[in-house]
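Asks: Take a look at this one; I'll ask things after.
The values are calculated or read from the model by the stated rules, or taken from the named source; none is laboratory data. Just so you know, these numbers come straight off a predicted model, no measurement behind them. Neighbour counts run over all protein chains shown; Cβ positions are idealised from the backbone, glycine included.
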Amino acid sequence: MLKKFDKKAFIAEVKDNVKALYRKTIDEATQQQVFQAVSYAVKDAIIDNWLETQAQYEKDDPKTVYYMSMEFLMGRALGNNMINLGDYDEIKEALDELGFDLNVIEDQEPDAALGNGGLGRLAACFLDSLATLGYSAYGCGIRYRYGMFKQKIEDGYQVEIPDNWLKDGNPFELRRPEYAKEVKFGGYVQVEYDSAARRNRFIQKGYQSVRAVPYDIPIVGYKNKIVNTLRVWDAEPISDFQLDSFNKGEYMKAVEQENLAKNIVEVLYPADEHYAGKELRLKQQYFFISASVQAAIEKYKKKHSDIHKFYEKATFQLNDTHPTVAVAELMRILLDEEGLEWDEAWEITTKTCAYTNHTIMAEALEKWPIELFSRLLPRIYQIVEEINHRFVEQIRMMYPGNEHKVAKMAILYDGQVRMAHLAIAGSFSVNGVARLHTEILEKQELKDFYDMMPDKFNNKTNGITFRRWLIHCNEPLTDMITQLIGDGFRQDAMQLEKLAGYAGDEKVLNRLLEVKMANKRRLKKYILDTQGIDIDENSIFDIQVKRLHEYKRQQMNALYVIFKYLDIKRGNIPSTPVTVIFGAKAAPAYTIAKDIIHLILCLQQLINNDPDVSPYLKVVMIENYNVTKAEYIIPACDVSEQISLASKEASGTGNMKFMLNGAVTLGTMDGAN
Ligand code: 26Q
């Protein structure tokens, strides 16, 4: 049974929080302060279940998945937590009683935009699902000080503004300094013979290090009392690990370590599907992976004495190649700290790691220059060399005399570390994210690897959480569905099939149109309020919102708009007006993407101000498209544009969100479409 919501106690707690946090009465508090006070009260409602869940896991000792990801595109937490607690309506009422509008309070929360797009949002949706399904799971990531940049439109161009999402504090996070870990960079490896153990010891010397401090964020399951954890790591200077560095006269080293710590977690790299080979990026990767792997081993050893069975209790799910140093870091700990032999360590590692591929775009493949990689991670590089050596031997055994195969498949080649190859060699599972994508991996992109190890390959088609992408973002549709088929679909989405029985029911279909109209009016108002553009709610809302990429073909959609404009100019008036809505961020250095945004903004200017055309056609470029804006936009959509160049979109997940909210998909046969 869920704990019953006590409205009086909740109201009292919100008032107390305002007092304790801001020395104010509730009437004096700003909306932001009320948001903070409410969020702390909600966190308080979560915390017992959080404790109990973790205690239950401790007792049952289930296998735990560590979802390792550079990105978690969480969006806002308050509304989602209220829904998953099962107290949304009650808290809304309580706020009403206090004289506050929940929507306004929710609007105070900045998005946690610790991700670029699809890959980061998938990680966030999976955390929600894992908690709802009751799996023991951690998200492991980085607590970036600055998330995905905010997009401003100025004079027809995109301008990037830093996203200082932590400036008012994050009420849902919990700092856990007692679980801090040390992470080492650079220096050199000294080999010392340990005569007692009769083996070589590899010791990293002359390194710089940082202190990784975890912050835990609760992930609330849907009405099941389960609360999992997203653990994001902050970097702090190591000073209290090596207090004496000043005394030794290593003043500059202390300053350098301070800078290292500050830089590592400073900002999310805003380029998706594009590899640039930046040293700081590799530092970020090793930083959070080393800390997460250390923490996972430590947790295992608290209950288990035999490290050989680690894989029975832990899986490291690698979200693309970005966390792939986990393969080598796990090897390092097993070899150097646990004292295992290579073959033992390799067996454990390859039964622990699993790799998800999200792209076949050549320009997204991570290939680190060996010079950089070995300088930053000298011991890790030695281990990668040995992994490569043995892997190449295995290739030669299977394909004797075929050096072309070796060249194509080796982990180290042409002065580079190929992270995808390391991920495949080091994992028991390699999955694509839609049937078509997995087929392309097996038959083309990763064919050599599939031929050699077909059993590793499998498909896991992406999905989305219905809690955020239906229940939270589309209340009218949720109510309508509940009235028709009950609320069982909230836990079991398959029950939505019951709606098929109403396919020919005119009354139901008309109601559906009314719901859509209500959502279109809400979006119309939102666009008018935020961007001053007035759109016609009776027009067809034709929407393409996603990161800007050539392969996603926003440009083709813009060409369609130009055609439509010229056609109307020629006197061909469409029977129903159309509003074409775009929303997209371009990576700051992606010139063509920025040019396409400029094109769309020019069209918006031209068309909306042309009295011949604007009654029939309008263009809107949504500024700063993000998770929260998606929650406004998607329920209002008539036509969902999913028009990627076939084979290039691994899955897509926006496609699913639009479909769930009753839009018609206009799509190519790509990804999961
Ligand atoms: C790599 C190296 C250096 C810097 C950045 C990156 C980088 C960052 C982000 C590379 C790729 C990404 C993001 C990729 C991504 O979002 N892929 C999308 O993943 C979705 C979830 O599986 C799919 O639905 C989309 O089709 C896919 O494009």
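Asks: Picking from F72, F100, which residue would you name as being over 22 Å from the mean Cα position of the chain (by Cα) and hydrophobic (A, V, I, L, M, F, W, C)? I'd like the intermediate steps shown before the answer.
Replies: Working: F72 fails: over 22 Å from the mean Cα position of the chain (by Cα).
Every option except F100 fails the conditions.
Asks: Which condition from (1) under 30 Å from I533 (Cα atoms); (2) loosely packed, with under 15 Cβ neighbours inside 10 Å is the one that D487 breaks?
Replies: (1)
Asks: Same structure, new question: Is it the case that H308 is more than 16 Å from the ligand (Cβ to nearest atom) and free of Cβ contacts under 8 Å to residues at least 24 places away in the same chain?
Replies: Details: more than 16 Å from the ligand (Cβ to nearest atom): yes; free of Cβ contacts under 8 Å to residues at least 24 places away in the same chain: no.
Criteria not met by H308.
Asks: Let me ask you something else. Picking from I83, I47, which residue would you name as being in a helix (DSSP H, G or I), under 30 Å from K313 (Cα atoms), modelled with pLDDT of 95 or more and under 31 Å from the mean Cα position of the chain (by Cα)?
Replies: None of the others qualify; the one that does is I47.
Asks: Right, something else. Of everything in the stretch 209-226, what is among the hydroxyl-bearing types (S, T, Y) and more than 18 Å from the chain's Cα centre (by Cα)? Give them in sequence order. Steps first, answer last, please.
Replies: As a first pass, look at the stretch 209-226 and keep what is among the hydroxyl-bearing types (S, T, Y): 209, 215, 222.
Residues satisfying the conditions are S209, Y222.
Asks: Tell me which residues, restricted to the stretch 498-545, are of a type outside the set (V, I, T) and either touching a His at 6+ places or on another chain (Cβ under 7 Å) or assigned to a loop (DSSP other than H, G, I, E, B) (or both).
Replies: Within the stretch 498-545, A503, G504, D505, G532, D534, D536, E537, N538, S539 meet the criteria.
Asks: Here's a follow-up. Just give me the residues in the stretch 588-624 being in a loop (DSSP other than H, G, I, E, B), closer than 20 Å to M148 by Cβ and touching a strand residue (DSSP E or B) at 6+ places or on another chain (Cβ under 9 Å), in sequence order.
Replies: Hits for the stretch 588-624 are P588, E623, N624.
Asks: Still on this structure: Given the options T324, T352, name the one that is among the hydroxyl-bearing types (S, T, Y) and within 30 Å of L548 (Cβ to Cβ).
Replies: T324
Asks: Could you check how many residues of the stretch 634-664 are more than 10 Å from the ligand (Cβ to nearest atom), among the aliphatic types (A, V, I, L, M), assigned to a loop (DSSP other than H, G, I, E, B) and out of contact with any strand residue (DSSP E or B) (no Cβ under 6 Å at 6 or more places or on another chain)?
Replies: The number of residues fulfilling the criteria is 3.
Asks: Of the residues that make up the stretch 550-567, is at least one within 16 Å of the ligand (Cβ to nearest atom) and either at pLDDT below 95 or in a strand (DSSP E or B) (or both)?
Replies: Checking the stretch 550-567: not a single residue is within 16 Å of the ligand (Cβ to nearest atom) and either at pLDDT below 95 or in a strand (DSSP E or B) (or both).
Asks: Kindly provide the set of residues from the stretch 424-438 that are more than 16 Å from the ligand (Cβ to nearest atom) and in contact with a Phe, Trp or Tyr (Cβ under 6 Å, 6 or more places away or on another chain), ordered by number.
Replies: I424, A425, S427
Asks: L21 - would you say it is surrounded by fewer than 18 Cβ atoms within 10 Å (Cβ to Cβ) and either at positive phi or assigned to a helix (DSSP H, G or I) (or both)?
Replies: Details: surrounded by fewer than 18 Cβ atoms within 10 Å (Cβ to Cβ): yes; either at positive phi or assigned to a helix (DSSP H, G or I) (or both): yes.
In short, yes.
Asks: In contact with an Asp or Glu (Cβ under 9 Å, 6 or more places away or on another chain) and either of a type in the set (D, E, K, R) or farther than 23 Å from A630 by Cα (or both): which single residue out of K15, K59, K63, K24 fits that description?
Replies: Of the residues listed, the single one that is in contact with an Asp or Glu (Cβ under 9 Å, 6 or more places away or on another chain) and either of a type in the set (D, E, K, R) or farther than 23 Å from A630 by Cα (or both) is K63.
Asks: Would you kindly identify the strands (runs of 3 or more DSSP E) lying entirely within the stretch 92-155 that contain at least 1 residues that are without any contact (Cβ under 8 Å) to a residue 24 or more places away in the chain?
Replies: Numbers: elements: 112-114, 137-142, 150-154.
Per the criteria, 150-154.
Asks: Restricting attention to the stretch 454-502, which residues are among the acidic types (D, E) and over 25 Å from the mean Cα position of the chain (by Cα)?
Replies: Within the stretch 454-502, D455, D479, D487, E497 qualify.
Asks: Against the definition (loosely packed, with under 15 Cβ neighbours inside 10 Å and not aromatic (F, W, Y)), how does D492 come out, yes or no? Let's see the steps before the verdict.
Replies: Values: loosely packed, with under 15 Cβ neighbours inside 10 Å: yes; not aromatic (F, W, Y): yes.
Judged against the criteria, D492 is a match.
Asks: Further question: Return the pairs, sorted by first residue and then second, in which the second residue is acidic (D, E) and surrounded by 14 or more Cβ atoms within 10 Å (Cβ to Cβ), the first residue lies in the stretch 586-603 and is under 15 Å from K152 (Cβ atoms), the beta carbons are less than 7 Å apart, and the residues are 6+ apart or on different chains.
Replies: P588/E160
Asks: Inside the stretch 273-287, can you point out the residues that are hydrophobic (A, V, I, L, M, F, W, C) and within 14 Å of the ligand (Cβ to nearest atom)?
Replies: The answer is A276, L280, L282.
Asks: List the number of the failed condition for K3; all other conditions in (1) of a type outside the set (S, T, Y); (2) in a loop (DSSP other than H, G, I, E, B); (3) surrounded by 13 or more Cβ atoms within 10 Å (Cβ to Cβ) hold.
Replies: (3)
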